[in-house]
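Below is one structure, written out as structure tokens; the observations come after it.
The values are calculated or read from the model by the stated rules, or taken from the named source; none is laboratory data. These numbers were taken from a predicted model, which means no experiment stands behind them. Glycine also receives a Cβ, built like all others from the backbone with ideal geometry; neighbour counts cover every protein chain displayed. Only protein heavy atoms, including side chains, enter the accessible area calculation; ligands, DNA and RNA are left aside. Shrake-Rupley method; radii C 1.70, N 1.55, O 1.52, S 1.80 Å.
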Amino acid sequence: MKQAVIHMWDMHEIVLHAAEKYDNPYTDVTVWAQLEGPDFCKRVFGFWDGGDTWRIRVTATAPGTWTYTTGASVPDAGLSGISGAYQAIEWTAEEKEQNVCRRGIIRATENEHAMEYADGTPYIMVGDTWWALASWRYPWVDDEQERPIGPDMSMKDMARQRLKQGYNTVGTIVAFPTWANDGKPATIRIDDEHDTYVRGAWATCSVEDWLSGAPNTSARDMHNEGGRPFFFPGKIKGYEDLVPDYDRINPDYFKVLDKKVQWLNDHGITVFMEALRRDSSKTWKYYYNWPMVYTRYIQYLSARYQANNILFSPIHFDGKLQTIDSREFNEPINLMIDLYGQPPFGTLLGTNAPGSTKTAYGGPEEQHWKTFDQTGNWRDHQYHWLLTDIFNDAHPVPAINGEPYYSGHITMLRNGDGENTDRTLLFGNVNSVEDHLNCRSSFWGSALNGAFAGLLAGFEAGWSGNVLPEETPWKIWDTMTFPASYMVQYVREFLLSEGKRYQELIPDDELVSPNFQGAVSGWRGWISCAATQKRDLIMGYSEKDAPRVHVRGLRPYDTYELSWYDPATGKWLEEKRQIESDAFGEVYCGDYPTGFDWAWKLKKLNTDLPIDKELDQINGKKKDGLNVNGGLAFVKHVYIADDSTD
């Protein structure tokens, strides 16, 4: 048989056909290939794909010859003992430029604080939340015809628009297994000892109406051309038509997603793939064989997409609402790693955050599956510190902000001293400058507090997949031209302005003093800052109404170049300014170019170690007999008065 030839990081399928019959192929049979190649020797698992077909999806991490022999958990001549080989060749430099996914599956950088493609090219996520990507709401078409922005757009057209805007990632929640526009309420609870929710779905109406409990609204349909992710009827008595049988998966549903993921990869877009939304989790835990029922499902997804360019999230856990606790998911996810190992080709594992995944899932003593961290869902500047906390962890992993401020969406604000009962719900406005400022605060503050792996941004109507007339006020296609949707890419362009040096940055807002004024909860008046260890490169972002930039802790007399970057337009100011740090090691950057928000960069120019022998810290520097840096004679004198004797 002629040996197959693939490019590195392309998918190669080992297709197997069972000789025997099985009552439930999904639960009863496990298949794998013992795969060997250059510096590679691992067991790679496959998945059932309907009928008598199993597939093992592999790739090549290096050029050369790759060989395999299949195995199975059952004696079956069609599944076990089959050997084969394929040859892998490298992409050319020009071909890699055409599609960045050809650079390989994304991994952590050597210092564990950022991400890169397998060939070392920096990866900074510029992402959009297409949670309903697997469903009919993001339409698949077989043709490559380009359609204008509007109701007739296909998923491909949406991706083309996002590529023009600099995006390299989209996020999806693979399954909403209990959701359907079935005439029943969007939120359904079982009256049992566990307070089990069948679903807490997004309703077929506007967000405001959904939150206010509008009557006669049901859950959103999340099926696709292949049906729903699991078969009905289910096993929960009285809810057989609402909760499917999690032991009977529907491969046809995932075949539709396969096509979408592969097309996106073929055009340079990575998919951040989340297995399940949290709201049905109690039906999994209390009515099926937990943890194995969930372990089996997430391993099925891992095996199905292990050769694709994805980031894998075993659960979409945006908050503890209608769900088991985040730490309860550690049991099935840890079990997946124990039984099957980490994804064979290096796919990173992380998940959506109810604030911070570090605090939600714990450290190595509680979980051994996370290979990147995430913040999100608490969306104002007081939560940027959570990223710095991740950065400073004893076991750091790369971090993203997976749900920053969404243009046009709702945001919960904690008022006053942060008591849980003292909160405000803010409704965004996609056409408002204030809304755009909030977005940029969230994007830039996150990045410079440690989200060096990037941002999975989102926009009202896009995250929820609005397409029906009653799903107001915006539709998916409207999000394609929201003003804020053009601004996400500028964070990446700024960070890459010094090449890979952003990977050396250490978040430290305290380098700037003062670094905030105004409300604790909000998006105005704060400054974010990160610097290299030697402080020869400092990058910062100042929200609107922030104090002027005063950087401290520098080596005295060093010369820095100050550059200003407009986060609204992605343009550098042409004028650059040279500033010498004073005898205290401080730099004053002066007034902002305008009254809005600004990103800024200080880059050290000198390589020597200068000393200024003329400077007197008390009397200042003299030039032609004149004191040019102040001195006691130029200082205003203020006296503390005696205590009152009233």
One finds the C-alpha centres of segment 113-135 and segment 521-548 to be spaced, in Å, by 25 Å
Please list the non-local residues whose amide H lies under 5 Å from the amide H of Phe459, H modeled 1.01 Å from N, same-chain partners needing a gap of 5 or more. Thr129
Projecting the Cα atoms of Ile315, Ala484, Asn224 onto the charge dipole of the chain, where Lys and Arg contribute +1 and Asp and Glu -1 at Cβ, the residue farthest towards the positive end is Asn224
Suppose every K and R has +1 on its Cβ and every D and E has -1 on its Cβ; what is the size of the dipole of segment 13-162 about the Cα centre, in Debye to the nearest 20? 200 debye
Share, in percent, of DSSP beta bridges within the chain that are antiparallel, nearest 5: 70 percent
Starting from the Cα gyration tensor of segment 180-229, take the square roots of the eigenvalues, sort them a ≥ b ≥ c, and report rounded, prolate or oblate (rounded when a/c is under 1.5, otherwise prolate if a/b is larger than b/c, else oblate). oblate
Work out from phi, with θ = phi - 60° and the Karplus expression 6.51 cos²θ - 1.76 cosθ + 1.60, the ³J(HN,Hα) of each residue of segment 55-62, listed in order in whole Hz, and give x for Gly and Pro. 10, 10, 9, 10, 8, 10, 8, 8
For segment 267-295, list residues with backbone N below 17 Å from a point placed 7 Å from the Cα of Asp119 toward its Cβ? 267-270
Contact order relative to length of segment 539-587, as percent, for alpha carbon pairs under 8 angstrom and 6 or more apart: 43 percent
Considering Cα pairs under 8 angstrom that are at least six residues apart, work out the relative contact order of the chain and quote it in whole percent. 10 percent
How would you order 71-81, 40-50, 397-407 from highest to lowest mean count of nearby Cβ atoms within 10 Å? 397-407, 40-50, 71-81
By the Cα gyration tensor axes a ≥ b ≥ c (a/c under 1.5 gives rounded; else a/b larger than b/c gives prolate, otherwise oblate), the shape of segment 429-566 is prolate
What do you get for GluC sites (Glu not before Pro) in segment 525-593 restricted to DSSP loop and a cutoff of at most 13 other Cβ within 10 Å of the site's Cβ? Glu574, Glu575
Mind checking segment 567-605 for trypsin sites (Lys or Arg not before Pro) that DSSP puts in a loop (not H, G, I, E or B) and that have at most 15 other Cβ atoms within 10 Å? Lys576
Considering only protein heavy atoms and a 1.4 Å probe, what is the carbon-and-sulfur percentage of the accessible area of the chain? 50 percent
Residue (of Ala18, Thr270, Asn606) at the positive-pole extreme of the chain, dipole from beta-carbon charges: Ala18
Quote the FRET efficiency, to the nearest 0.05, computed for Thr67 versus Gln262 with a Förster distance R0 of 25 Å and r equal to the Cβ-Cβ distance. 0.50
Considering amide H positions built from the backbone, and no H for Pro or chain starts, which residues 5 or more places from Phe230, or on another chain, come under 5 Å of its amide H? Asn250
Toy charge model, Lys and Arg Cβ at +1, Asp and Glu Cβ at -1: segment 336-403 dipole around Cα centroid in debye, rounded to 20, equals 140 debye
Going through segment 465-526, which GluC sites (Glu not before Pro) have at most 14 other Cβ atoms within 10 Å and a DSSP loop state? Glu470
How much length is gained if the chain between Asp191 and Gln34 is pulled fully straight, taking 0.36 nm per residue apart and subtracting their Cα-Cα distance, in nm to one decimal? 51.8 nm
Can you tell which of Ala62, Phe47, Gln34 lies farthest toward the positive end of the dipole of segment 13-71, using +1 and -1 charges on the Cβ of basic and acidic side chains (Lys, Arg; Asp, Glu)? Ala62
Skipping prolines and chain starts, which residues have an amide H placed within reach, meaning under 5 Å, of the one on Ala399, given they are 5 or more residues away or on another chain? Asp373, Phe452, Ala453
Rounded if a/c under 1.5, otherwise prolate or oblate - the chain, Cα gyration tensor axes: prolate
Per residue, how large is the accessible surface of the chain? Use a 1.4 angstrom probe and give square angstrom. 41 Å²
Gain in length, Asp23 to Glu470, computed as 0.36 nm per residue apart minus the alpha-carbon separation, to one decimal in nm? 156.6 nm
Table column - 3J(HN,Hα) (Hz), segment 195-207, Karplus curve with 6.51, -1.76, 1.60, x for Gly and Pro: 6, 6, 9, 6, 6, x, 8, 5, 7, 7, 6, 6, 4
Cα centre as origin, Lys/Arg/Asp/Glu Cβ charges: the chain dipole, Debye: 840 debye
Percent relative contact order of segment 10-53, based on C-alpha pairs within less than 8 angstrom and at least six residues apart? 40 percent
